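Below you'll find the structure, written out as C-alpha cells, and then a few comments.
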Amino acid sequence: MRQREMPMLGEARRPKLAPWELVHACKDMLAAVHLCIQLSGFMDYVVAERLGIDPGHMSRIMRGQAHFPPRKLKPLMDLCGNYAPLQFLSWACGFDLQERAKDARIRELEAELERVRG
C-alpha cells in the first residue's frame, strides 16, 4: 500500500462515512480501526507517528495484543478521513448514525457548487 501525503493543517479534510458494507463486515472494534486506517491509504507507522503512539505499541495494537487508546479515536478518524470506528460502534449497539442535518446540507450545497464550477 502506498503512503499518501498528509494534508496541510489549513486543508484538513472532513471525515466521511465509510462504506457500510465494509463496516458491517467488521467483527470487532479492532477490525474497524484496521478498516479506518486501510481506507486512509496510510501505513500503520505513519498513523502511529501522527497520533503520537509508540510504533511498537501500534504494532501490538494492530496484532490485537494491545488496546487502541480511546482518546485517540477521534484524532484517528480525523487523520484517516473516515468514521469507520464510530460507525461500527453505533451499528454494533443497534443505533442508526446520522449526520447533523445542517452539516449534511452544507456538504450537499458544496458538492453542487463543485459540479457547477466543474
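Residues checked against (1) surrounded by 14 or more Cβ atoms within 10 Å (Cβ to Cβ); (2) outside any loop (DSSP other than H, G, I, E, B); (3) touching a helix residue (DSSP H, G or I) at 6+ places or on another chain (Cβ under 9 Å); (4) at pLDDT 90 or above:
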site: MET77; (1), (2), (3), (4): yes, yes, yes, yes
site: GLN98; (1), (2), (3), (4): no, no, yes, no
site: ALA104; (1), (2), (3), (4): no, yes, no, no
site: ARG107; (1), (2), (3), (4): no, yes, no, no
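Give region 28-45 a look and list any residue that's surrounded by 16 or more Cβ atoms within 10 Å (Cβ to Cβ) and not in a helix (DSSP H, G or I), or say none.
Within region 28-45, just PHE42 meets the criteria.
Determine which member of the set ALA48, ALA66, ALA18 is open to solvent by less than 50 Å² (accessible area, probe 1.4 Å), on the phi < 0 side of the Ramachandran plot, without any contact (Cβ under 8 Å) to a residue 12 or more places away in the chain and assigned to a loop (DSSP other than H, G, I, E, B). Spell out how you get there, then give the answer.
Details: ALA48 fails: assigned to a loop (DSSP other than H, G, I, E, B); ALA18 fails: without any contact (Cβ under 8 Å) to a residue 12 or more places away in the chain.
When all the criteria are applied, what remains is ALA66.
Could you check LEU86 against (1) of a type in the set (A, V, I, L, M); (2) open to solvent by less than 40 Å² (accessible area, probe 1.4 Å); (3) part of a helix (DSSP H, G or I) and say which number it fails?
For LEU86, the failing item is (2).
For region 70-109, enumerate the residues that are in contact with a Ser or Thr (Cβ under 8 Å, 6 or more places away or on another chain), within 16 Å of ARG50 (Cα to Cα) and aliphatic (A, V, I, L, M).
Once the filter is applied, which keeps residues that are in contact with a Ser or Thr (Cβ under 8 Å, 6 or more places away or on another chain), within 16 Å of ARG50 (Cα to Cα) and aliphatic (A, V, I, L, M), region 70-109 yields only LEU79.
The values are calculated or read from the model by the stated rules, or taken from the named source; none is laboratory data. Here the structure is a predicted model, which means the values were calculated and not measured. Heads up, the Cβs are rebuilt from the backbone with ideal geometry, glycines too, and the neighbour counts pull from every protein chain shown. To get the accessible areas, we keep the full protein, side chains included, count just its heavy atoms, and leave off ligands, DNA and RNA. Shrake-Rupley method; radii C 1.70, N 1.55, O 1.52, S 1.80 Å.
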